[in-house]
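The values are calculated or read from the model by the stated rules, or taken from the named source; none is laboratory data. If you're wondering where the values come from, they're calculated on a predicted model, not measured in any experiment. Don't worry about glycine lacking a Cβ; one is built from the backbone with ideal geometry, like all the others, and counts go over all protein chains shown.
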Amino acid sequence: MSRVWIDPQAGLQPHREHRVDADGYGAVDTLGREANDLRGLSDAAYRLLPRNQGVTGRNYKRKSKMVTDIFGRLKSLRDEEKQLVEESLSSERSEVLAIAVKEYLGTTDDSDADTLYNAMAILQMDDAEFRSRVAAIGRVCRTVANAEVAQAKAKTHAADFENAQRQMHIAKHRTNHWQRRVHELMKAGGDHTTAQSDAAKTKADYPALFVGGKIAEPLAEVVKKIKSEILKNEADREKNTRAMAADALNSTLRRFDLPELKKGESLV
């Protein structure tokens, strides 16, 4: 059985050229020919694999490495060819992008149409692809704007978050205060009616103690003293209630590691 032997040390000495034909399309002729040659060599190398009888382990390792090298070289050639084609079309891509930006901004003119037509022809780009690029520019601008807004907010985010939390807890305690105050005033309306009714009944029961509808002079000082005590007790009770509410609020703020009420800062 005959065997094909390829000297892996001989290698290939490719002469690479990159030419652009009359239509402006990039072509890498020499690399393409070299790739075709290597494909033929790889077919021959496949016949050296241990599918044939009588192939030793040592020969298999050497021949398998040679096939691996050939396929690696094929991939390298294809990558180089792709890179050269991309480089040859870079100017057209730049032109399309520049005109897409102008189209998004609404600043295109007649000369841009000719340039765009030629560039799109070389790139084999259709109108839908161009419109997609214009739309992408808008998305890019929106993304950048969102990122800048987020970055600006991040600078004050911690302080804003802390202040918002603090005001939330203060608002809750203030709501509790005013709810209590509403209930007190509702009750005060009923107390006023009851007090006036009791006063009218007292005048009717003890008319001698009243002069012209008012308590007699010797007892007026007693009434005045009792009234002062009642008002003082109510004021003290309100003061104590607010102090307890402030303490409760500060306790809540401490629990959440937030600044307590400042000196002179009122809960209400």
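Overview of values
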quantity	calculated
Any chance T202 is without any contact (Cβ under 8 Å) to a residue 12 or more places away in the chain and on the phi < 0 side of the Ramachandran plot	yes
Residues that are surrounded by 10 or more Cβ atoms within 10 Å (Cβ to Cβ) and either in a helix (DSSP H, G or I) or not hydrophobic (A, V, I, L, M, F, W, C) (or both), drawn from the stretch 208-220	L209, K214, L219, A220
Options L249, L231; residue that is in a helix (DSSP H, G or I) and surrounded by fewer than 12 Cβ atoms within 10 Å (Cβ to Cβ)	L231
Per-region count, the stretch 89-120, residues small (G, A, S) and not in a helix (DSSP H, G or I)	1
Which numbered condition R142 misses (of (1) within 30 Å of A246 (Cα to Cα); (2) outside the structural domain of T241 (by TED's automatic domain parsing))	(1)
Residue check, V223 without any contact (Cβ under 8 Å) to a residue 24 or more places away in the chain, in contact with a strand residue (DSSP E or B) (Cβ under 6 Å, 6 or more places away or on another chain) and either of a type in the set (K, R) or surrounded by 10 or more Cβ atoms within 10 Å (Cβ to Cβ) (or both)	yes
Unique match (being within 38 Å of the chain's Cα centre (by Cα) and either among the charged types (D, E, K, R) or modelled with pLDDT under 80 (or both)) among K75, K102, K63	K102
Filtered residues of the stretch 132-163 (kept if among the aliphatic types (A, V, I, L, M) and surrounded by 10 or more Cβ atoms within 10 Å (Cβ to Cβ))	V134, A135, A136, I137, V140, V144, A145, A147, V149, A150, A152
